[in-house]
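Here is the structure we will look at.
The values are calculated or read from the model by the stated rules, or taken from the named source; none is laboratory data. Nothing here was measured: the structure is a model prediction, and the numbers come from that model. In this analysis, Cβ positions are derived from the backbone assuming ideal geometry, glycine residues included, and neighbour counts consider all displayed protein chains. Heavy atoms of the whole protein, side chains included, go into the accessibility calculation; ligands, DNA and RNA do not. Shrake-Rupley method; radii C 1.70, N 1.55, O 1.52, S 1.80 Å.
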Amino acid sequence: MSFESVVREVRDRVVPEESEEADLEAVVDDLTARAEAAIDDLPVDADTKLVGSTARGTWLAGDRDVDLFVRFPEDLPREHLERYGLEVGHTVLPEGHEEYAEHPYVKGQHRGFDVDCVPCYALDDATDIRSAVDRTPFHTEYLEVRIDPLTEDVRLAKAFLTAIGAYGSDLRTKGFSGFLTELLVLEYGGFREFIEAAADWNPPVSLDPEAHARESFDDPLVVIDPTDPERNVAAVCSARHVARLIHYARELLDDSRIELFEEHTPDPLSAADVRDRIAARSTTPVAIRFEAPDIVDDQLYPQLDKSLDGVEGALDRAGFDPVRSARLADETAVLFVECAVTELPKIARHRGPPVGVRNHAEGFYDTYADDADVTGPFIDEAGHYVVERPRDARTPDALVQSELFDVSLGTHVESALTEDYELLVGDGIAELATEFGVELAAYFDPKP
């Protein structure tokens, strides 16, 4: 198929029908009326602002998300903003529940739509924000007067990024946010132009729509916020997802097909499948499984990443040569590291300073000279003292057991591990298939 024919077919799928748009409009009107009625009962002035893709007409067919912000005066104390914001939120969503980002808000459903009712400050400048949500209305105001001719192109871009697994700025995904996607389509002037540009990217890539940057950034993709010259909109976007966009942009141009706009979830692996994969690879995976901390994903995943880095780093330094790693989370959480080395020798070589560096060299020599458990000290070809000493941990699981609480761990992860954890090794990780069969399928058959 040609690029144009693929785009035409996808466009028919992602652009909402008039009836769906009418349903959304009716829901927004109802929610806004409820919010305004609740505001009238407050002792302060406030107003409402619809934000996000529903406000800008860039939402995808089938999406059922509404973000309604309630803006309060900037001199209102924070505790009052939180209290009044929750009062309005519970009026808007009587059966909703409270969640917490930088401050609490109310989340719920209304006539089949997922709704967030979020308090924020009404500010004159995005550089004066008190929390990240204060910036969101500025993004909507910037785009709603510019993006209208390109709404279908934005929807195509969002569908494409979703299909390749690179859409979503949450800290689990670390991909492209909706606002970033809209800015990129706006910057390049359309979906095809965006894809053609991305296919030629060689990170780091830097864009500044308003030519007003006041800061420099080291990220693989830098898009200066048009409402805040000190912020990179793409800061959360990982190098992997930037590279993933480049790869699939080239594929779409070289071999245009509908499948590139369709999400693919692999069939889950069974326990037997996992054992077969391990046997075929002749590696030694280790997995630390524990109860997932009861915190929001944007707190959980950075802590899992930090903890996984700590465990993988310890295994690497010990000589177990990690091949790849992953963090998984559902009811339980898992730190998974696949090692190329199954068992190390009983001894480890430990090289000291050059003999000529007298103070350090004599200290090293004196430390080991009378140690009956070591071989040496002796001098190597380069003139350093060397000893061969017994190794404390010869297998990956032994290393994890001995050093788990010595590595850098996320605060809540460390607390959960202190309570209890299970260490799985080798084909014992097949037990994970019950909860994480899909994730293991993706791990053992990775895509770009």
Checklist outcome for this item: Those residues of region 157-201 that are over 22 Å from the mean Cα position of the chain (by Cα), surrounded by fewer than 17 Cβ atoms within 10 Å (Cβ to Cβ) and not in a helix (DSSP H, G or I) come to a total of 2
Next on the checklist: Taking the criterion of being farther than 30 Å from L328 by Cα, in contact with a His (Cβ under 9 Å, 6 or more places away or on another chain) and at pLDDT 95 or above, would at least one residue in region 390-399 satisfy it?
Outcome noted: no
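Take region 62-90 and flag every residue that is open to solvent by 40 Å² or more (accessible area, probe 1.4 Å) and closer than 12 Å to D116 by Cα. I'd like the intermediate steps shown before the answer.
The first filter runs over region 62-90 and keeps only residues open to solvent by 40 Å² or more (accessible area, probe 1.4 Å), leaving 62-65, 67, 71, 73-75, 77-80, 82-83, 87, 90.
Scanning region 62-90 gives R64, D65, D67, H90.
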Next on the checklist: Could you tell me how many of the residues in region 118-140 are open to solvent by less than 70 Å² (accessible area, probe 1.4 Å) and either in contact with a Phe, Trp or Tyr (Cβ under 7 Å, 6 or more places away or on another chain) or in a helix (DSSP H, G or I) (or both)?
Outcome noted: 16
Item to check | Residues (touching a Phe, Trp or Tyr at 6+ places or on another chain (Cβ under 9 Å) and open to solvent by less than 10 Å² (accessible area, probe 1.4 Å)) located in region 202-227 | outcome: L221, I224, D225
Next on the checklist: If a residue must be of a type in the set (G, A, S) and closer than 20 Å to I147 by Cα, how many such residues does region 170-213 contain?
Outcome noted: 7
Checklist entry - What number of residues within region 382-407 satisfy the criterion of being farther than 18 Å from T342 by Cβ and among the hydroxyl-bearing types (S, T, Y)? => result 1
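Given P353, P377, P345, which one is closer than 30 Å to Y443 by Cα and not small (G, A, S)?
Details: P353 fails: closer than 30 Å to Y443 by Cα; P377 fails: closer than 30 Å to Y443 by Cα.
Checking each option against the conditions leaves just P345.
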Checklist entry - Mind checking whether some residue in region 105-126 is within 21 Å of I39 (Cα to Cα), acidic (D, E) and touching an Asp or Glu at 6+ places or on another chain (Cβ under 6 Å)? => result yes
Checklist entry - Does region 102-117 hold any residues that are closer than 18 Å to R83 by Cβ and loosely packed, with under 15 Cβ neighbours inside 10 Å, and which are they? => result E102
Item to check | Qualifying positions in region 146-156 - surrounded by fewer than 23 Cβ atoms within 10 Å (Cβ to Cβ) and either within 22 Å of the chain's Cα centre (by Cα) or assigned to a loop (DSSP other than H, G, I, E, B) (or both) | outcome: R146, I147
Checklist outcome for this item: Taking region 1-32 and the residues there that are more than 17 Å from T58 (Cβ to Cβ) and open to solvent by 80 Å² or more (accessible area, probe 1.4 Å), the one that is modelled with the lowest pLDDT would be M1
Next on the checklist: Go through region 94-108 and report how many residues are among the hydrophobic types (A, V, I, L, M, F, W, C) and in contact (Cβ under 8 Å) with a residue 40 or more places away in the chain.
Outcome noted: 1
Checklist outcome for this item: Out of (1) closer than 28 Å to E230 by Cα; (2) out of contact with any strand residue (DSSP E or B) (no Cβ under 7 Å at 6 or more places or on another chain), the one E87 does not meet is (1)
Item to check | Yes/no for K158 being in contact (Cβ under 8 Å) with a residue 60 or more places away in the chain, under 20 Å from D67 (Cβ atoms) and touching a Leu at 6+ places or on another chain (Cβ under 9 Å) | outcome: yes
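Give the residues of region 319-348 that are open to solvent by 60 Å² or more (accessible area, probe 1.4 Å) and under 21 Å from the mean Cα position of the chain (by Cα), sorted by residue number. Lay out the reasoning, then the answer.
Going residue by residue through region 319-348, those that are open to solvent by 60 Å² or more (accessible area, probe 1.4 Å) are 321, 323-324, 330-331, 342-343, 345-347.
Hits for region 319-348 are R324, D330, E331.
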